[in-house]
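Below is one structure, written out as structure tokens; the observations come after it.
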Amino acid sequence: MKRFIYVAFFMFVSTLSVVAQDVPLWVESRTARFPDQQFVSALGIGVTKQASRNDALSQIALYFNSHVAVEQETQFRMAEGGEKWRAAEQNVSVTADVELPQLQFTAPFKNDKTGEWYICAYIDRTAAVSFCTARLERLLVAAKNAVETVSGGGSSLEDMRRLSAARAQLDEADALVDRLVALSRRGQDQYSARVLRLRNDCDTQFDNARRSATFKISVAGDGGMSVSTTIEEVLAAQGMRSAANGRYRISGRVTMELSENEVGVFARPGISLHVVDERSGETVYSFSRQYKKWGHKDVDGARAKAITEIEKDIRASFRPGGEM
């Protein structure tokens, strides 16, 4: 009898050892596996592997005070054989608006008892600081070179585009400074001062180049001059102006393909613009588009809709001096 009890007890314990899950240390104690002084980490929990990953990523992004975008896509598939049901498959992705340096994930873990998934997102502070510092130095050197190579005697539009790119680099540098502050837990005044100094120099040079950029405009096919007027307004909004003796010539053509059927009249507009440096004769910027058809009950209405589409696109995308 005792032998039977011992055998049964042994089998019970053996069964427990086989069934029991090995729970990762980071599930039971995240900071024991990823100490805060060495890592930025977050434990994600969800009903699926992807949900747990998204949860962890969201927490990491919020640590860096960045915004998180959630995109959900639902796909439906019909059953084969004509049965009247369909299955939905959802894909949810979470992205942060800034780069999360050196981000890594553990292998996912599923709790068989609760059905929940766990994953830990983590960043090694030392490795991430090295990565951000190297990237920041490259951006500052590139922006400094752009500011120093700008010459008042050159093409002001080319200078503006070069400085516009430098501005974008400085924006990224600003974000990296914030990352460094969060990672190192101390101020980064030396980098902040360099970014601010370069931004001031960049803005001064940009304003000088913008003031010297003047344009004369000639657009064929612009019967009502509405497209030319829109170009003038866009230039003015960007701090530039039109002039009879402008440094640059904006020339081009508006095209309008008309077709008609029993429904009405359709107009398919197009535009081609070229900005030419009058001093060198070189084309320094081009803007060409072919748009979809616009319909109306008569020709004038179709043309008006088509011209409105051209004007809307010019306001949104015509940037001869780069992004402001």
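The fraction of Cα-Cα pairs per 5 angstrom bin, counted from 0 for the range 241-324, comes to 3, 14, 20, 18, 15, 11, 9, 6, 3, 1, 0 percent, rounded to whole percents. Of all accessible surface on the range 213-324 at a 1.4 Å probe, what whole percent is carbon and sulfur? Solvent-exposed carbon and sulfur of the range 213-324 make up 47 percent of the total. When Met160, Met256 are compared by accessible area at a 1.4 angstrom probe, the order from most to least is Met256, Met160.
Any idea what diffusion coefficient the range 173-324 gets from Stokes-Einstein, in µm²/s, Kirkwood Rh on alpha carbon pairs, 20 °C, 1.002 mPa s?
Details: Rh = 18.3 Å.
D, rounded to a whole number, is 117 µm²/s.
Computed with a 1.4 Å probe on the full set of protein chains, the accessible area for Cys202 sits at about 0 Å².
The radius of gyration of the Cα set in the range 97-166, together with its Dmax, comes out at 21.8, 74 angstrom.
Computed over the range 141-258, the quotient of the alpha carbon radius of gyration and 2.2 N^0.38 Å is 1.45. Volume per residue for the range 178-218 equals 62 cubic angstrom (convex hull of Cα atoms).
Stretching Thr31 away from Ser212 to a fully extended chain increases their span by 59.3 nm, per 0.36 nm per residue minus the current alpha-carbon distance. The Lys110 and Arg185 beta-carbon pair, evaluated with R₀ = 35 Å, returns a calculated FRET efficiency of approximately 0.55.
The values are calculated or read from the model by the stated rules, or taken from the named source; none is laboratory data. Model, not experiment: these values are computed from the prediction. As a convention, Cβ positions derive from the backbone with ideal geometry for all residues, glycine included, and neighbour counts pool all protein chains shown. Ligands, DNA and RNA are excluded from the accessible area calculation, which covers all protein heavy atoms including side chains. Shrake-Rupley method; radii C 1.70, N 1.55, O 1.52, S 1.80 Å.
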